[in-house]
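Below you'll find the structure, written out as structure tokens, and then a few comments.
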Amino acid sequence: MQEIRTRYPKYDVLKEQEHWDEHTREIVKKRLGPFPKNNFLSDHEADMILSIAMHIVYDNRKDILDYVVHHMDTTISSPIGEDQRKVGTPEQKTLIRQGLKAIDKLAQQQYNASFLEIDPNQQLSLLEDLQKGKAQQLKDWQQIPQKELFKKLATNIVSAYYSHPIVWSEIGYGGPAYPRGYVRVEKGLTDPWEAKRDDKE
Amino acid sequence: MTKNNNDYVTHDCDHYDSHRLNHLNKRKYGDEADVCIVGAGAAGGVLAYELSKAGFKVVVIEAGPFWNPQTDFASDELAMESLAWNDTRLVAGSDPLSMGHNNSGRGVGGGTVHFTGVFYRFHESDFKVKTQDGVADDWPISYQDLEPYYEKIEKDIAVSGPKHFPWGPFQGPYPYPEREPISANSQIFRMGCEKLGLRSVVAPLAILSAPFDGRPPCINRGFCNQGCKPNAKFSTLIHHIPKAIKHGAEVLSDCMVTQVNVDKSGKVTGVTFVHDKKEYFQKAKVVILSNFCIETPRLLLHSACPQFPDGLANSSGMVGKELMTHVGHDVYCKFHDEVRIYKGTPVLAATQEFYETDQSRGFVRGYTLNAHGSRPLGLSQNLVSKADIWGQKLYDIMRDFNFFAQITLVGEVLPNINNLVTLSDEKDEYGMPRPIVKFSYGENDNKLIAHGIKSSQEILGAMGGEPAFVIPDTGHLMGTCRMGNDPSTSVVDGFCRSHDIPNLYICSASVFVTGGGCNPTETVMAIAARTADHIIEEAHKGESN
Ligand SMILES: Cc1cc2nc3c(=O)[nH]c(=O)nc-3n(C[C@H](O)[C@H](O)[C@H](O)COP(=O)(O)OP(=O)(O)OC[C@H]3O[C@@H](n4cnc5c(N)ncnc54)[C@H](O)[C@@H]3O)c2cc1C
Ligand code: SF4
């Protein structure tokens, strides 16, 4: 895919972990893996989530995306509710399982191959259609609203991706800050441990 | 009022261990409570404190956990989504609301645990929108009715804010000094306002600027929406509820109320609740529903019985109707230099220059602008789910995360009878029907939104910011059990007593008649303090009769 573009190549937020409270540290470090076997997702489904995630977050690093897949599996396996669901949309478990099947069917119909077999540009164009609700006719779309499927997948994927400490470092986010907090918050000021730009023009 | 020693408590919330009996059959007021409050949020906390202090036997029943900030909270967005009411709600309408973390808390403290702490009074005009602008309806109470309670709440929790507040009837000073320093994002906002000749202030906050009541001042870690670990931000979890417990109240957490029970005479006898899959009954002389704008109508409608086939307190048919939110659009502009919106208390500056109706703008009512911080998960989630931005575009924005400044609108949405909460056929884990929450913006709302976006871009533009993107967001919920003098068009009276059932009160953001153009919680708490006074007075009247 692309080169990793960061203005903070030397910054590693994980180096600050000894300054975090224990509860937070434990939570964040779990995101580095290793991850247990998936509870709900089949291997094929997990591979599909991983490929879809590459397009949603525009990144193909497997170590990070493994956490994204793990988070998706945890969310769907959990009995906790999904905050809101549009009237007429099935529960997230069904939406995702049936949705992934429909995506495979769509790939078959359009390109004569499964989603994992078509090339990345074809995958991307298929996802773009879904997001707009304009994918080719399939009878599955009566049960699986395309836009809701896309939104559910994409929201869950970015939630995990932007909770990954490697990504935090790349965007120059200071991360957890308890108990020390931030002292220099005003314009142009940074605390000594925060990310510093290396690309200043 | 002299402060009773019971007002002084520790803040680690471990008092919970000594007061909450594991055995729900050995409850403190298992036989009968004077007052049973459903929901330990903003309103429920204030009511529990005031009523237990006045000597009432108070039981508070809360669906969610009794959090311990030290062990339960983390400096992490994803993990702290658990502070929200995650139970699935069905949404509909042309602008379906995002629920959960966006507007609903669950657990002792309710929404105050993860709220931003921006703390405003309503203006006089907010209570008489119909008289002034010919839209919506007037409240049965005025600013003057709430004024002493606003003052009391601000003192009780040591609100920090400017010496001079230039809008509305209250001009300051606030009990505690304004926060200092303010974040880069808030500085840019204030400098932009100044360039345009707009007045701005350091935001009044329910966040400490100096030690108070055994709690430390804010350390600017920026995770107010994830629960404040150091206890610098007020919540009823750390303030009102511990004090209420010291005054004798019992708090039953992890207990979901599933029914309000009534006898043949049509009076409320108590509530049914579920803990660990087992059902219990709490008898009470008075029941107060403080369980917010979705769960209150859901509970009232679900409690329908032969005497009240359309649900309790619903002879007007208004239970569930006129649900309101605030326009909450997030306006982002990009700067040449770093802003770093993750740092500091999220909101540290604001303006209410656009608050009152100005006919020349082509719409009625107005809005507040808050300089607003953000963290990576909140921003990326919103970009994907609300602004349809993903893939390379999302990546490009997020790589420049540190270069954006943000302003958030808090704009008044006019009440509309078609924005409402009803019951669906789908059941939740308690066997209660899931609510359907329907919401669409109206014409006036859309004009207000366009105006607010433009003003925000002008403010940041004056500082050299380039308009980058706008996230169509909402914030806060109000209405669904509105107050009023006329029982045929409202659910409760000006003291939050239901018109239909004399010993049933509804007291939370759900009684709002209109939404105002600013963050609502100080008004929720002032209403609750006033309702507490009313209940105390009524009881004294009863004694002397
Ligand atoms: C992210 C966020 C930021 C916010 N920022 C601000 C801000 O800066 N300023 C501001 O003024 N406001 C803010 N708010 C709004 C504020 O949180 C609410 O206005 C306030 O909490 C409403 O108070 P309430 O008492 O009406 O309800 P809540 O505080 O929501 O309390 C309701 C309680 O009832 C419980 N409950 C519900 N149903 C049942 C049941 N059946 N049985 C038992 N218990 C039940 C819930 O678990 C909850 O604890 C924010 C809200 C959110 C979510
Ligand atoms: S910014 Fe301040 S008030 Fe907010 S969570 Fe951090 S310490 Fe608490």
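We did not get these values from a lab; they are worked out from the coordinates using the rules stated. As the structure is a prediction and not an experimental result, all values here were calculated from the model. Neighbour counts are summed over all protein chains in view; Cβ atoms, including those assigned to glycine, are modelled from backbone coordinates with ideal geometry.
The residues listed here are B:R361, B:R399; of these, the one that is basic (K, R) and within 14 Å of chain A (Cβ to nearest Cβ) is B:R399.
Residue count for the range A:75-110 satisfying the condition of being surrounded by fewer than 16 Cβ atoms within 10 Å (Cβ to Cβ) and hydroxyl-bearing (S, T, Y): 3. B:L90: within 8 Å of another protein chain (Cβ to nearest Cβ), more than 15 Å from ligand 1 (Cβ to nearest atom) and more than 26 Å from A:I27 (Cα to Cα), yes or no? Considered against the rule, which asks whether it is within 8 Å of another protein chain (Cβ to nearest Cβ), more than 15 Å from ligand 1 (Cβ to nearest atom) and more than 26 Å from A:I27 (Cα to Cα), B:L90 comes out as yes. Closer than 28 Å to B:H534 by Cβ, out of contact with any helix residue (DSSP H, G or I) (no Cβ under 6 Å at 6 or more places or on another chain) and not in a strand (DSSP E or B), is that true of B:I238? Yes: the conditions hold for B:I238. Screening B:F273 against (1) in contact with a Gly (Cβ under 9 Å, 6 or more places away or on another chain); (2) under 25 Å from B:E50 (Cα atoms); (3) buried (at least 24 other Cβ atoms within 10 Å of the Cβ) leaves a single unmet condition, (1). Here B:S186 meets the list (1) away from ligand 1 (no atom under 16 Å from the Cβ); (2) buried (at least 23 other Cβ atoms within 10 Å of the Cβ); (3) within 14 Å of another protein chain (Cβ to nearest Cβ) almost entirely, failing just condition (1).
Contact map, the range B:205-228: first residue without any contact (Cβ under 8 Å) to a residue 12 or more places away in the chain, second residue more than 6 Å from ligand 2 (Cβ to nearest atom), Cβ cut-off under 9 Å, separation 6 or more or different chains; pairs are B:P211/B:P217. The single condition among (1) within 12 Å of chain A (Cβ to nearest Cβ); (2) assigned to a loop (DSSP other than H, G, I, E, B); (3) of a type in the set (S, T, Y) that B:Y120 does not meet is (1). Of all residues in the range B:251-266, exactly one satisfies the criterion of being within 8 Å of B:I61 (Cβ to Cβ) and assigned to a loop (DSSP other than H, G, I, E, B), namely B:C255. Return a yes/no flag: does the range B:457-480 have any residue that is over 28 Å from B:I436 (Cβ atoms) and without any contact (Cβ under 8 Å) to a residue 60 or more places away in the chain. Looking through the range B:457-480, none of the residues is over 28 Å from B:I436 (Cβ atoms) and without any contact (Cβ under 8 Å) to a residue 60 or more places away in the chain. Of everything in the range B:249-280 that is of a type in the set (K, R) and over 19 Å from B:M432 (Cα atoms), the residue that is nearest to ligand 2 (Cβ to nearest atom) is B:K267. If the condition is being β-branched (V, I, T) and within 23 Å of B:H101 (Cα to Cα), then the range B:346-395 contributes B:V347, B:T368, B:V384, B:I389. Identify all residues within the range B:187-226 that are basic (K, R) and within 16 Å of ligand 2 (Cβ to nearest atom); write none if there are none. Residues satisfying the conditions are B:R215, B:R221. Any residue in the range B:97-118 that is within 15 Å of ligand 1 (Cβ to nearest atom) and without any contact (Cβ under 8 Å) to a residue 24 or more places away in the chain? Yes, the range B:97-118 contains at least one residue that is within 15 Å of ligand 1 (Cβ to nearest atom) and without any contact (Cβ under 8 Å) to a residue 24 or more places away in the chain. On the stretch given as the range B:27-57, residues that are in contact with a helix residue (DSSP H, G or I) (Cβ under 7 Å, 6 or more places away or on another chain) and either within 14 Å of chain A (Cβ to nearest Cβ) or within 14 Å of ligand 1 (Cβ to nearest atom) (or both) total 13. The single residue among A:Y162, A:Y178 that is over 16 Å from the mean Cα position of the chain (by Cα) and within 8 Å of chain B (Cβ to nearest Cβ) turns out to be A:Y178. So, A:P145, is that one within 16 Å of ligand 2 (Cβ to nearest atom) and in contact with a Ser or Thr (Cβ under 7 Å, 6 or more places away or on another chain) or not? Taking the combined requirement at face value, the residue does not satisfy it. Going by the conditions given, is A:I52 surrounded by 17 or more Cβ atoms within 10 Å (Cβ to Cβ), farther than 18 Å from A:S159 by Cβ and out of contact with any Asp or Glu (no Cβ under 8 Å at 6 or more places or on another chain)? For A:I52, the condition - surrounded by 17 or more Cβ atoms within 10 Å (Cβ to Cβ), farther than 18 Å from A:S159 by Cβ and out of contact with any Asp or Glu (no Cβ under 8 Å at 6 or more places or on another chain) - is not met.
Table: residues versus (1) within 14 Å of ligand 1 (Cβ to nearest atom); (2) surrounded by fewer than 19 Cβ atoms within 10 Å (Cβ to Cβ); (3) in a strand (DSSP E or B).
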residue: B:G464; (1), (2), (3): no, yes, no
residue: B:P467; (1), (2), (3): no, yes, yes
residue: B:L477; (1), (2), (3): yes, no, yes
residue: B:I501; (1), (2), (3): no, no, no
residue: B:Y505; (1), (2), (3): yes, no, yes
residue: B:C518; (1), (2), (3): yes, no, no
residue: B:A528; (1), (2), (3): yes, no, no
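Report whether or not B:C224 is within 14 Å of another protein chain (Cβ to nearest Cβ), under 18 Å from B:T112 (Cβ atoms) and either among the charged types (D, E, K, R) or in contact with a Leu (Cβ under 7 Å, 6 or more places away or on another chain) (or both). Answer is no for this residue.
Screening B:I219, B:I241 for residues that are surrounded by fewer than 22 Cβ atoms within 10 Å (Cβ to Cβ) and closer than 30 Å to B:G373 by Cβ leaves exactly one candidate, B:I219.
Residues in the range B:221-275 that are within 15 Å of ligand 1 (Cβ to nearest atom) and of a type in the set (D, E): B:E250, B:D254.
Reported count of residues in the range B:87-117, each being hydrophobic (A, V, I, L, M, F, W, C) and not in a strand (DSSP E or B), is 5. So which residues in the range B:66-78 are at the interface with chain A (Cβ under 7 Å from one of its Cβ atoms) and touching a residue at least 12 places away in the same chain (Cβ under 8 Å), if there are any at all? Once the filter is applied, which keeps residues that are at the interface with chain A (Cβ under 7 Å from one of its Cβ atoms) and touching a residue at least 12 places away in the same chain (Cβ under 8 Å), the range B:66-78 yields B:A74, B:S75, B:D76, B:E77, B:L78. Residue-level check: of (1) more than 14 Å from every other protein chain (Cβ to nearest Cβ); (2) within 16 Å of ligand 1 (Cβ to nearest atom), B:T325 misses just (1).
Away from ligand 2 (no atom under 14 Å from the Cβ), closer than 29 Å to A:T190 by Cβ and surrounded by fewer than 16 Cβ atoms within 10 Å (Cβ to Cβ), is that true of B:E147? No: the conditions fail for B:E147. Of the residues in the range B:129-152, none is within 14 Å of another protein chain (Cβ to nearest Cβ) and either in a loop (DSSP other than H, G, I, E, B) or under 21 Å from B:F223 (Cα atoms) (or both). Among the residues of the range B:423-441, the one identified as away from every other protein chain (no Cβ under 14 Å) and either hydrophobic (A, V, I, L, M, F, W, C) or surrounded by fewer than 16 Cβ atoms within 10 Å (Cβ to Cβ) (or both) is B:G431.
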